[in-house]
Amino acid sequence: PQPPPHPCPYPRPRPEQVAAFFSNPRGDLRLMREIVELLGAIKKHKREVRPAARLSDVARVLDEMLPRVIAFSGHEIGGYLLFEPDAPSGAPRGAPKAAPAVPHADEFIQLLCPARAPELQCLFLNACKTERIARDIHASLNLTIVCWRGKALDAAARAFSVGFYASLAKDELPAVAFDAGRAQMSLSGFCEGDPDDYLHPVGHEHLRAPRRRDCAGCVPPVHGEVVLVGGGR
């Protein structure tokens, strides 16, 4: 009889429903509430959460796990995602911080390729103005991508994520979770649409005065337009 195969010296990656990365180097987002919602929606053994996430954390998680959905919550800058900086090895305490990492779509494509993430079905970019990077990624990878077309009110983005993660917890498809997120936005009192369509242009007199609630240019009647790229209607 043939001898049994030699066991692999490395642990096999474990299946994971959601791997979520939260990054806020500017310190202006209330991401903890979204983290709490995610922790409450999805069972511990089915999710991995990385606050203050660095780009290297994404690579490390993909070496250890096989997520079905990867989520990023934070900021976008000119078509790039803003991750926390990677501290230089051996840097003394109190040394100047490294610049935040802003990966191009090509870097994400390399990270999320089927060879590294064979179970990945969906990418959730919970950040303003992420449609461009979503379409760049979708052009190379057969993924469903949830993103925001323009600006999004933080509270509206959190409301969407509540419905989205609750649906994923039921093992529903990403396109179904997308509809659940939109429904939760509506139930929470938020209207879909791009606030940039209403906001005053640079130099408008209202920008020098306190906001006026009766002015759509000061307080837009819409709170964000969430978009599904591929994978559904």
Answer yes if at least one residue in region 53-74 is assigned to a loop (DSSP other than H, G, I, E, B) and at pLDDT below 90, and no otherwise. no
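Confirm whether A134 is open to solvent by 60 Å² or more (accessible area, probe 1.4 Å) and small (G, A, S). So that I can check it myself, show each step before the final result.
Working: open to solvent by 60 Å² or more (accessible area, probe 1.4 Å): no; small (G, A, S): yes.
No, not satisfied.
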Counting only residues in region 202-226 that are without any contact (Cβ under 8 Å) to a residue 12 or more places away in the chain and among the small types (G, A, S), the one surrounded by the fewest Cβ atoms within 10 Å (Cβ to Cβ) is identified as G203
Checked region 137-152 for anything out of contact with any Phe, Trp or Tyr (no Cβ under 7 Å at 6 or more places or on another chain) and in contact (Cβ under 8 Å) with a residue 60 or more places away in the chain; matches are H138, N142, L143, T144, I145, C147, W148, R149, G150, K151, A152
Taking region 139-155 and keeping only residues that are open to solvent by 40 Å² or more (accessible area, probe 1.4 Å) and either closer than 25 Å to H200 by Cβ or not aliphatic (A, V, I, L, M) (or both), one is left with S140, N142, R149, K151, L153, D154
If we keep only residues of region 161-173 that are in contact with a strand residue (DSSP E or B) (Cβ under 9 Å, 6 or more places away or on another chain) and open to solvent by 10 Å² or more (accessible area, probe 1.4 Å), then the residue nearest to L123 (Cα to Cα) is L173
For region 92-112, does any single residue satisfy the condition of being open to solvent by less than 10 Å² (accessible area, probe 1.4 Å), under 17 Å from N126 (Cα atoms) and modelled with pLDDT under 80? yes
Across (1) over 14 Å from the mean Cα position of the chain (by Cα); (2) surrounded by fewer than 24 Cβ atoms within 10 Å (Cβ to Cβ), R158 clears everything bar (1)
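The values are calculated or read from the model by the stated rules, or taken from the named source; none is laboratory data. The shown structure was predicted, so the numbers you read here are calculated from the model rather than taken from an experiment. Cβ: placed from backbone, ideal geometry, glycine included. Neighbour counts: every protein chain shown. These area figures cover heavy atoms from the full protein model, side chains too; ligands, DNA and RNA do not enter into them. Shrake-Rupley method; radii C 1.70, N 1.55, O 1.52, S 1.80 Å.
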